[in-house]
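To start, the structure under review is shown below, and the notes come after it.
The values are calculated or read from the model by the stated rules, or taken from the named source; none is laboratory data. Fair warning: this is a prediction, and the values are worked out from it, not measured in the lab. Cβ atoms come from the backbone with ideal geometry, glycine included; neighbour counts cover every protein chain shown.
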Amino acid sequence: IFLSIAQSLVESDSSDPSSESPEEGANLLLIIAVWTLWMALYLLIFLVGIFIIVVLFVYCKQNTILLDPQPFFDKDDKLIREPQDPNDKGLEYINLHFRTKDKVKLHGWFIKASGQSLNHRTILFCHGTGGNIQTRMNLIEMFVKNIKVNLFMFDYRGFGRSQGSPTEEGLRLDTQ
């Protein structure tokens, strides 16, 4: 296309604009219009290609985009100054491990409200798609000390001390 445009421009007598016939001007306009349409088509194809690449990237990485698991910090880590478990906040708790329907081992805590029995009101707390139960110590303290309810919370697969890899389907299985 570029070659034909250049050829037509060279062949036309540009030194004498009066020698150009209306038909030649129309041909030049047609060439420019066709060239513009082709460039628009190439641009559209490029943009659609970029869009498809972005959509495929998001689709392939959706679990890492949506789920942000964090490891459990152990007490021997000297850099961590945050409470490691409910006991560090003066709360009585039971450390639990249990298996899901597909045999993945999960970790959780049953935190007993101060001065209450194990049969007292209990809330099942699912912490969301980021962090782990250890990063929810302020919420644990609020529920147990202020609202006076027992609290059962666990880490989904791939979060904290739970085994497995985090997936959307895995989250569904973990909560059943």
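Suppose we filter ASN138, ASN95 for residues that are in contact with a strand residue (DSSP E or B) (Cβ under 8 Å, 6 or more places away or on another chain) and either modelled with pLDDT under 85 or under 24 Å from ARG172 (Cα atoms) (or both); which single one remains?
Details: ASN138 fails: in contact with a strand residue (DSSP E or B) (Cβ under 8 Å, 6 or more places away or on another chain).
Answer to the selection: ASN95.
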Index of the failed condition, ILE140 passing every other in (1) closer than 23 Å to THR64 by Cβ; (2) out of contact with any Asp or Glu (no Cβ under 7 Å at 6 or more places or on another chain):
(1)
Using beta carbons and a limit of 6 Å, which pairs, at least six apart or on different chains, have the first residue in the stretch 155-176 and polar (S, T, N, Q) and the second one modelled with pLDDT of 85 or more and crowded, with 23+ Cβ neighbours inside 10 Å?
SER162/ASP155
Does the stretch 99-111 contain any residue that is among the aliphatic types (A, V, I, L, M) and surrounded by fewer than 18 Cβ atoms within 10 Å (Cβ to Cβ)?
no
Would you say GLY128 is modelled with pLDDT under 85, farther than 14 Å from LEU67 by Cβ and part of a loop (DSSP other than H, G, I, E, B)?
no
Where residues in the stretch 117-146 are of a type in the set (S, T, N, Q) and free of Cβ contacts under 8 Å to residues at least 60 places away in the same chain, which of them is surrounded by the most Cβ atoms within 10 Å (Cβ to Cβ)?
THR122
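Taking the stretch 88-105 as the search range and keeping residues that are part of a strand (DSSP E or B) and of a type in the set (D, E, K, R), which one is nearest to the chain's Cα centre (by Cα)?
At the first step, the residues of the stretch 88-105 found to be part of a strand (DSSP E or B) are 92-99, 105.
Then drop every residue that is not of a type in the set (D, E, K, R), which leaves 92, 99, 105.
Numbers: GLU92: 35, ARG99: 26, LYS105: 24 Å.
By that ranking, first place goes to LYS105.
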